[in-house]
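The values are calculated or read from the model by the stated rules, or taken from the named source; none is laboratory data. Keep in mind the model is a prediction, meaning the values are calculated, not measured. No Cβ is skipped: glycine too gets one built from the backbone with ideal geometry, and neighbour counts run over all protein chains shown.
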Amino acid sequence: MHEIPQGPLHGLRVLEFAALGPAPMAAMLLADQGAQVLSIEAPLRQGRGAQAVFDPGLDVLRRNRSVLRLDLKQPAQLQVAQRLAQSAEVLIEGLRPGVMERLGLGPEPCLLRNPRLVYGRMTGWGQSGPLAGSVGHDINYLGLSGMLHAIGEPGGKPVVPLNLVADGGGAMMLAFGVLAALTRVRAGGPGQVVDAAMSEGCALLGSMIHTLRAMGRWSEQRGDNLLDGGAYFYTTYACADGRFVAVGAIEPQFHEQLLRGLGLDPADFEQAFERALWPERRQQLARVFASRGRDDWCAHFAGTDACVTPVLGFDEAPRHPQHIARGAFVQLGGVVQAAPAPRFTATPAAAPRAPVAADAQLLRQWGLDPGTAARLGAAD
């Protein structure tokens with residue numbers, strides 16, 4: 001029998017139709033906090049090469065799942081998926097619009113059979129509009145939102161911020177959306193569809209930028225603004241060893257401590273928000289930071305309010321004392337990964353576990369008849 005992680009979502013039953021990108025991350029967020037996530041995945045196919053079937057224990061986004069492999073093109077196995085949808089409180093899918101409808105697993109039949117179901121849908125462009133059926137990836141959705149335009153060096157091309165914004169932000173939007181809808185259901189409301197679009201999530205995450213634009217404090221020029229590296233007190237600097245520090249000394253008292261720590265006179269840096277002064281001042285600070293190594297500077301500023309921190313690499317971050325003290329990173333199957341977040345005092349999440357095959361007992365709990373559960377499930 002599979003143990004369900006204890007957490008604030010303990011007892012929540014989520015049916016996930018496996019996909020790529022933010023949908024599995026949204027399911028991971030729910031599973032991390034105790035939801036019982038049953039993931040429907042396609043059968044492993046012979047002859048596709050080893051690269052097509054990598055070790056599932058290395059896929060961080062699949063942690064804390066029970067996995068049932070079904071061929072949804074087979075009527076009997078499709079009926080199993082439909083039966084499981086009747087037992088779910090939340091369904092999550094991240095396929096192209098129309099795919100679930102063609103399978104008979106779209107919102108209409110699922111909500112007809114399970115009127116309290118929260119049906120979460122994750123796509124790039126949403127379920128409607130001229131681009132609804134178009135393909136894309138994180139960079140495309142971010143580009144259409146207007147946010148990618150703002151990221152980069154002055155006069156340079158837009159810089160891709162990994163896949164953090166559309167994929168990561170989309171996952172959080174979907175998780176938030178299904179929990180908001182679930183709150184309504186548990187208060188006596190009907191089930192409903194949550195239509196989460198990554199492009200819209202990107203735009204929403206840019207709300208503060210829109211605020212600054214409305215106030216006349218944001219220009220269209222990349223690298224010319226308060227939060228895009230344009231300000232000399234909110235950017236990164238190279239150190240003598242080729243590594244970098246991040247500086248975020250926006251407030252006057254932090255700004256003063258930064259300058260004093262660098263051996264500079266704050267009186268020479270008045271009118272901090274005058275953009276015309278930023279390029280020259282950034283060069284001044286760059287020369288000072290280039291005189292010492294990164295860790296030397298971080299030790300120098302330790303305990304101050306100058307807002308100077310190291311830019312850590314992937315291998316360095318888990319070893320930082322702050323992350324060690326908080327247990328912010330864990331290892332699972334030899335893979336270092338972020339621990340579940342946020343933290344809950346009364347219902348903490350359990351340690352992550354690798355995905356496991358759904359056993360017959362679990363499938364019986366999901367409403368499958370004993371014979372079907374025994375045929376499809378792993379050994380108890």
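For this structure, a couple of remarks:
- Region 332-365, residues that are within 24 Å of E41 (Cβ to Cβ), outside the structural domain of Q33 (by TED's automatic domain parsing) and polar (S, T, N, Q): Q337
- Scope region 291-335; condition small (G, A, S), exposed (fewer than 12 other Cβ atoms within 10 Å of the Cβ) and outside any helix (DSSP H, G or I); matching residues: A302, G303, G313, G327, G334
- Identity of the residue in region 221-262, part of a loop (DSSP other than H, G, I, E, B) and without any contact (Cβ under 8 Å) to a residue 24 or more places away in the chain, that ends up farthest from A306 (Cα to Cα): G242
- Residue in region 261-277 that is exposed (fewer than 13 other Cβ atoms within 10 Å of the Cβ), at pLDDT below 95 and of a type in the set (D, E) present: no
- Residue match in region 310-329 (condition: touching a residue at least 60 places away in the same chain (Cβ under 8 Å), β-branched (V, I, T) and touching a strand residue (DSSP E or B) at 6+ places or on another chain (Cβ under 7 Å)): yes
- Condition met for L285 (free of Cβ contacts under 8 Å to residues at least 12 places away in the same chain and surrounded by 16 or more Cβ atoms within 10 Å (Cβ to Cβ)): no
- Selected residue (criterion: farthest from the chain's Cα centre (by Cα)) from residues of region 201-214 that are assigned to a helix (DSSP H, G or I) and among the small types (G, A, S): A214
- Hits in region 180-200 (condition: without any contact (Cβ under 8 Å) to a residue 60 or more places away in the chain and either in contact with an Asp or Glu (Cβ under 7 Å, 6 or more places away or on another chain) or part of a helix (DSSP H, G or I) (or both)): A180, T183, R184, R186
- The requirement of being within 17 Å of L30 (Cβ to Cβ), small (G, A, S) and touching a residue at least 60 places away in the same chain (Cβ under 8 Å) is not satisfied by A339.
- Search result, residues across region 143-177 that are among the charged types (D, E, K, R) and in contact (Cβ under 8 Å) with a residue 60 or more places away in the chain: E153, D167
- Scan of region 347-380 for residues that are among the small types (G, A, S), assigned to a helix (DSSP H, G or I) and within 27 Å of L61 (Cβ to Cβ), ordered by number: A360, A373
- Just one of the listed residues (A350, A346, A360, A338) is surrounded by 16 or more Cβ atoms within 10 Å (Cβ to Cβ), under 21 Å from G34 (Cα atoms) and within 28 Å of the chain's Cα centre (by Cα), namely A350.
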